[in-house]
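Asker: Following this message is one structure expressed as structure tokens.
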Amino acid sequence: MARYAVEVKNLNRTFTTKAVRGKSKKEIVKALNDVNLTINEGELFGLLGPNGAGKTTLIKILCTLLLPSSGEARVLGHDVHKDTNAIRQKINMVSGGETSGYGLLTVRENIWLFSQLYGIPSKEANRRIDMLMKELKLEHKKNSKVRTLSTGLRQKANMVRGFMTDPALIFLDEPTLGLDVNASRLIRDFIKNWIREKPSRTVLLTTHYMVEADELCDRVAIINDGRVLACDTPDNLKKLIHQDSVLKLEIRQVDNVTAFENIAGVRNFTHSNDMASGITRLKFILDDEAIVADIVAAVPKSGSKILSVQKTEPTLEDVFVALVGRGLTNHEV
Amino acid sequence: MKFEEFKKPTWFQMNLRAVWGRAYPRIIGVNRELSWVFFETVLPLLGVAAFVYIYKALEAPPQYIGYVIIGGAMTAYWMNVLWSMAAQMYWEKEIGNLELYLIAPISRMSVLGGMALGGMFSSSVRAISTIVVGIVIFGISLSLPDPLMFAGIFIFTMIALYGMGMMFASLYMLWGREAWHMSSLFTEPIYLVSGFYFPVKGFTTMLGNPGTWIAAGASIIPITLGLDGMRQCLYPGNTDGFLPLWLELAILMVLSVVFLFLAKYSLAYMENLGKREGRLTMRWQ
Ligand SMILES: Nc1ncnc2c1ncn2[C@@H]1O[C@H](COP(=O)(O)OP(=O)(O)OP(=O)(O)O)[C@@H](O)[C@H]1O
Ligand SMILES: [Mg+2]
């Protein structure tokens, strides 16, 4: 019987922000809006969405830190309302930018402290910490105070903290947030190896880096404004938009791109200006290839000139743009 | 990478480890922040020095100098309860520790208990240093004919006081900076009404009946009767005590139970409220 590591049914979560006297009215935010999801045991599952999409809210509910407003959520077969302790024994969580611990203690002591909340005998805890530190290339810092660590090393220490308890399911909330290429790579490789080692291990990872979701995840749910818009393998998601239907255009810089809006047959359109080289980059997701001509014809209307035309294979970013209606960041095209 | 299996600890062992884990930074901290200990020993002494000289000038009975030194030593615990218990939770939340404590499979009381034990230890180092320095500088003498009673009073003062600290800690969990203001607000008045600088019976002597009511009201704060009891133990045979020793011990025992119960109850209540309102964590991202 296939067991679900996570099972979420019609999950809603609203927040009421208190009115600040004289400033704003009481505001209701729907952070999760009728979310339905299942994550299989052994899966590396990604939640991909922009800021405020509801990713962290979902993780908090599954970690037993937050109650749903309505709906059901089960983690490793246990209800998040009732069986909190059973869940807590089997999970752990690491967030990007996490600053936990005590400044007075060394990295190793801090992680040891958290191991004691899981009843791990000190000797075994320290053995695990040393092993993980070695694997994450943090060994040389084990006796440094946490406050002396750079962002990257800090995040590695957080990873050691989370994985040391050998959880059956780990929640990674933007684990590579703000890290450089090398540190991100190391952490991604670590996650991949970890899940491969034991078929019963499950990871739920949130990210707003497309490449990360594409590269790491078995399945990805695209989430925006509290709603799951699509959920499938990265390859299947890309098939949602037909191949060859992404058109990239470089034109001489223009400030006004209205000429390209509202062209029939364009599902989505994004643009960015490269001031340094005086180029405007345009990207279109097309419903129909025949309209390439219409787009090309629109260039002179905008008062510009074509520098290059390129048709590409869709990326996860394109899928995202097609579904959400905008890119994750303003700059990526 | 292979982790070794270990025998699954019982619920009790697990929570004991958690208590020890949480107490550790506070215990080790004493060692790593020796300069602090120095300041926190000397500063309370500066505070009491003024009273010592006033008592000397007024030719107060000699035990009064001992009283005020004991009071000065006990400020370490009161400060610790206000700043490192009550106001601590806000900080733990901000730094991101609270959520990690809350997702762990342990009783939340163990975390607070560890905080309390660690705090008692580090404050004791300060309190004892204050007494020792007081003995050396002001030449006070103490006697301890009934060490058992003294131990009883001290231990239950600690349990009740830190029980109160744990209760505040949970109540402050969802408050933000208000916790800080409350703690500052509580510092000085309690020094006065709990009798840090003079025995609370002094209220009766000075104000008559209403004074007795002040002392009785202040007794809700465990340090009031604790101080009074310890003074009675260390300077037996005087009539400066507020209530009979046995009664003070009994009240402290009751306060211990009450505060621990209230702490557990308010902790569960606040955690639940926090989970419903989404106020257990600072960072939304
Ligand atoms: N405790 C809270 N109180 C009030 N509003 C909240 C709370 N937590 C989240 N929100 C709101 O709910 C929405 C979803 O937030 P959430 O943190 O889940 O987003 P996210 O997908 O994790 O975003 P990010 O990429 O910025 O981390 C946001 O509009 C946020 O402001
Ligand atoms: Mg988030």
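Read-outs throughout are calculated quantities, based only on the coordinates presented, and are distinct from any laboratory measurement. Keep in mind that what you see is a predicted model, and the values were worked out from it rather than measured. Positions of Cβ are backbone-derived with ideal geometry, glycine not excepted, and every protein chain shown enters the neighbour counts.
Asker: Which ³J(HN,Hα) values, rounded to whole Hz and listed in residue order, are derived for segment B:209-226 from phi using the Karplus coefficients 6.51, -1.76 and 1.60 in 6.51 cos²θ - 1.76 cosθ + 1.60 with θ = phi - 60°, glycine and proline given as x?
Answerer: 3, x, x, 4, 5, 4, 4, 5, x, 5, 5, 5, 8, x, 5, 4, 6, x
Asker: Cut-off is 10 Å between beta-carbons; in what order do B:Ile137, A:Ile59 appear when sorted fewest neighbours first? Walk me through the numbers before you get to the answer.
Answerer: Details: B:Ile137 12, A:Ile59 21.
Placing the least packed residue first, the sequence is B:Ile137, A:Ile59.
Asker: Provide the percentage of antiparallel DSSP beta bridges, counting only those with both residues in the protein assembly as shown; round to the nearest 5.
Answerer: 70 percent
Asker: Taking just the alpha-carbon atoms of segment B:140-211, what radius of gyration and Dmax come out, in angstrom?
Answerer: Radius of gyration, then largest Cα-Cα span, for segment B:140-211: 16.5, 47 Å.
Asker: At what distance in nm do the modelled label points of B:Glu94 and B:Leu43 sit from each other, each positioned 7 Å from its Cα along Cα→Cβ?
Answerer: Result: 1.7 nm between the two label points.
Asker: Which of the lysines could be linked to A:Lys134 by a straight reach, that is with a Cα gap under 28 Å, when you skip same-chain ones fewer than 8 residues away?
Answerer: Straight-line reach from A:Lys134, under 28 Å: A:Lys90, A:Lys123, A:Lys142, A:Lys145, A:Lys156, A:Lys192, A:Lys198, B:Lys2, B:Lys7, B:Lys8.
Asker: Largest first and to the nearest Å, give the Cα extent of the protein assembly as shown along each principal axis.
Answerer: Computed over the Cα atoms, the extents are 106, 57, 45 Å.
Asker: In sequence order, what are the phi-derived ³J(HN,Hα) couplings for segment A:256-269 according to the Karplus relation 6.51 cos²θ - 1.76 cosθ + 1.60 with θ = phi - 60°, rounded to whole Hz, with x for glycine and proline?
Answerer: Using θ = phi - 60°, the values come out as 10, 10, 4, 4, 9, 7, 6, 7, 4, x, 8, 6, 7, 8 Hz.
Asker: To continue, here is another question. Provide the FRET efficiency to the nearest 0.05 for the B:Ile220-A:Arg196 pair, computing r from the beta carbons and using R0 = 56 Å.
Answerer: It comes out at approximately 0.40.
Asker: How big is the charge dipole of segment A:245-312 about its Cα centre, in debye rounded to the nearest 20, if each Lys and Arg gets +1 on its Cβ and each Asp and Glu gets -1 on its Cβ?
Answerer: 180 debye
Asker: Okay, moving on. Using amide H atoms built in the peptide plane, which far-off residues or other-chain residues are under 5 Å from A:Leu205 H to H?
Answerer: A:Phe45, A:Gly46, A:Leu47, A:Leu172
Asker: What percent antiparallel are the DSSP beta bridges of segment A:168-235, to the nearest 5?
Answerer: The antiparallel proportion sits near 50 percent.
Asker: Given the Cα-Cα distance of A:Thr312 and A:Asp235 and 0.36 nm per residue of separation, how much length would full extension add, in nm? Could you put the intermediate results ahead of the total?
Answerer: On the way: separation 77, 0.36 × 77 = 27.72 nm, distance 1.52 nm.
Gain on extension, A:Thr312 to A:Asp235, equals 26.2 nm.
Asker: With loop defined by DSSP as not H, G, I, E or B, and exposure as at most 16 other Cβ atoms within 10 Å, which is the longest segment of chain B clear of exposed trypsin sites (Lys or Arg not before Pro)?
Answerer: Values: sites that count: B:Lys2, B:Lys7, B:Arg177, B:Arg283.
Longest site-free region, per DSSP loop and neighbour criteria: B:8-176.
Asker: Let me ask something else about it. Taking amide H positions as placed 1.01 Å from N in the peptide plane, with prolines and chain starts having none, which residues 5 or more places from A:Asp274, or on another chain, fall under 5 Å of its amide H?
Answerer: Amide H to amide H, under 5 Å and 5 or more residues apart or across chains, A:Asp274 pairs with A:Ile279, A:Thr280, A:Arg281.
Asker: What ³J(HN,Hα) values, in whole Hz, does the Karplus curve 6.51 cos²θ - 1.76 cosθ + 1.60 give for segment B:246-253 when θ = phi - 60°, with x put for Gly and Pro?
Answerer: With the stated coefficients, segment B:246-253 comes to 4, 6, 4, 4, 4, 5, 4, 5 Hz.
Asker: State log₁₀ I(q)/I(0) for segment A:245-312 at q = 0.23 Å⁻¹ as given by the Debye formula over alpha-carbon point scatterers of equal weight, solvent excluded.
Answerer: Result of the Debye calculation: -0.96.
Asker: When chain A is treated as a GNM, springs tying every alpha-carbon pair under 10 Å, which of A:Asn256, A:Asn12, A:Asn268 comes out with the largest mean-square fluctuation?
Answerer: Among A:Asn256, A:Asn12, A:Asn268, the largest mean-square fluctuation in the Gaussian network model of chain A belongs to A:Asn256.
Asker: Quick one: putting +1 on the C-beta of Lys and Arg, -1 on the C-beta of Asp and Glu, what dipole do you get for segment B:14-277 around its Cα centre, in Debye to the nearest 20?
Answerer: Computed charge dipole of segment B:14-277: roughly 440 debye.
Asker: Looking at segment B:1-105, which GluC sites (Glu not before Pro) are DSSP coil and have at most 11 other C-beta atoms within 10 Å of their C-beta?
Answerer: Answer by residue number: B:Glu4, B:Glu5, B:Glu59.
Asker: Cα centroids of segment A:167-235 and segment B:7-85: how far apart, whole angstrom?
Answerer: About 48 Å separates the Cα centre of segment A:167-235 from the one of segment B:7-85.
Asker: Taking the Cα centre of each part, how many Å lie between segment A:13-83 and segment B:135-212?
Answerer: 44 Å
Asker: Using only DSSP helix segments of four residues or longer, with each worth -39500 (n - 2.57), what per-residue ellipticity at 222 nm results for chain A after dividing by its residue count and rounding to 500? It would help to have the intermediate numbers written out before the result.
Answerer: Values: 10 runs with 98 residues, N = 333.
When only DSSP H runs of four or more count, the value is -8500 deg cm²/dmol.
Asker: Could you name the lysines whose alpha carbon sits less than 21 Å from that of A:Lys305, not counting residues in the same chain fewer than 8 places away?
Answerer: Answer for A:Lys305, where 21 Å is the Cα cut-off: A:Lys248, A:Lys283, listed by chain and number.
Asker: While we're here: Please work out the Cα center distance from segment B:217-285 to segment A:120-151, rounded to the nearest Å.
Answerer: So the two Cα centres are separated by 39 Å.
Asker: Would you tell me the mean number of C-beta atoms belonging to other protein chains that fall within 10 Å of each C-beta in A:85-91, as a whole number?
Answerer: On the way: counts 5, 1, 2, 5, 5, 1, 3.
Shielding by partners across A:85-91 averages 3.
Asker: Taking chain A, how much of its Cα-Cα pair set, in percent, is spaced more than 39 angstrom apart?
Answerer: Everything past 39 Å amounts to 25 percent.
Asker: OK, next. What does the charge dipole of the protein assembly as shown about its Cα centre add up to, to the nearest 20 debye, if the Cβ of each Lys and Arg holds +1 and the Cβ of each Asp and Glu holds -1?
Answerer: Magnitude of the dipole: close to 500 debye.
Asker: May I ask for the longest run of chain A untouched by trypsin sites (Lys or Arg not before Pro) that are loop-located per DSSP and have at most 13 neighbouring C-beta atoms (other than their own) within 10 Å?
Answerer: By the stated rule (loop sites, at most 13 other Cβ atoms within 10 Å), A:83-304.
Asker: Here's something else I'd like to know. Could you tell me which of rounded, prolate or oblate describes segment A:60-156, using a ≥ b ≥ c as the square roots of the eigenvalues of the alpha-carbon gyration tensor, with rounded for a/c under 1.5 and, failing that, prolate when a/b is larger than b/c and oblate otherwise?
Answerer: Prolate is the answer for segment A:60-156, as a/c is 1.5 or above and a/b outweighs b/c.
Asker: Given R₀ = 25 Å, what would the calculated FRET efficiency be for B:Val257 paired with B:Lys8, taking r from the Cβ atoms and rounding to 0.05?
Answerer: The calculated FRET efficiency here is 0.20.
Asker: Next question. On each of the three principal axes of the Cα atoms of segment B:14-277, give max minus min coordinate, whole Å, ordered largest first.
Answerer: In descending order, the Cα extents are 59, 41, 35 Å.
Asker: Going by amide H atoms built from the backbone, whose H comes under 5 Å of the H on A:Leu229, apart from near neighbours?
Answerer: A:Ile222, A:Ile223, A:Asn224
Asker: Would you work out the Kirkwood radius for segment A:172-216? I mean one over the mean of 1/r across all pairs of different Cα atoms, in Å.
Answerer: Evaluated over segment A:172-216, this radius sits at 10.9 Å.
Asker: Give me the inter-chain shielding for B:14-22: mean count of other chain Cβ atoms within 10 Å, whole number please. Could the numbers behind the result be given before it?
Answerer: Values: counts 6, 3, 2, 9, 6, 1, 3, 11, 4.
For this peptide, the per-residue mean of nearby foreign Cβ atoms is 5.
Asker: Would you list B:Thr130, B:Thr41 from fewest to most Cβ contacts within 10 Å?
Answerer: Details: B:Thr130 25, B:Thr41 22.
Arranged by neighbour count, lowest to highest, B:Thr130, B:Thr41 become B:Thr41, B:Thr130.
Asker: Okay, next question. Averaged over its residues, how many other protein chain Cβ atoms are within 10 Å of peptide A:166-174's Cβ atoms?
Answerer: Numbers: counts 3, 0, 0, 0, 0, 1, 0, 2, 1.
Partner Cβ neighbours, averaged per residue: 1.
Asker: What is the local net charge at B:Pro222, summed over the other residues whose Cβ is closer than 14 Å to its Cβ (Lys, Arg +1; Asp, Glu -1)?
Answerer: Computed value for this residue: -2.
Asker: Looking at A:Thr151, A:Leu138, A:Ser122, which one has the Cα that reaches farthest to the positive end of the dipole of segment A:120-159 (charges on Cβ: Lys, Arg +1; Asp, Glu -1)?
Answerer: Looking along the dipole axis, the top candidate is A:Thr151.
Asker: Let me ask another. With a cut-off of 8 Å between alpha carbons and a minimum separation of six or more residues, what is the relative contact order of chain B in percent?
Answerer: So the answer I get is 26 percent.
Asker: Give the percent of DSSP beta bridges with both residues in segment A:1-119 that are antiparallel, rounded to the nearest 5.
Answerer: 100 percent
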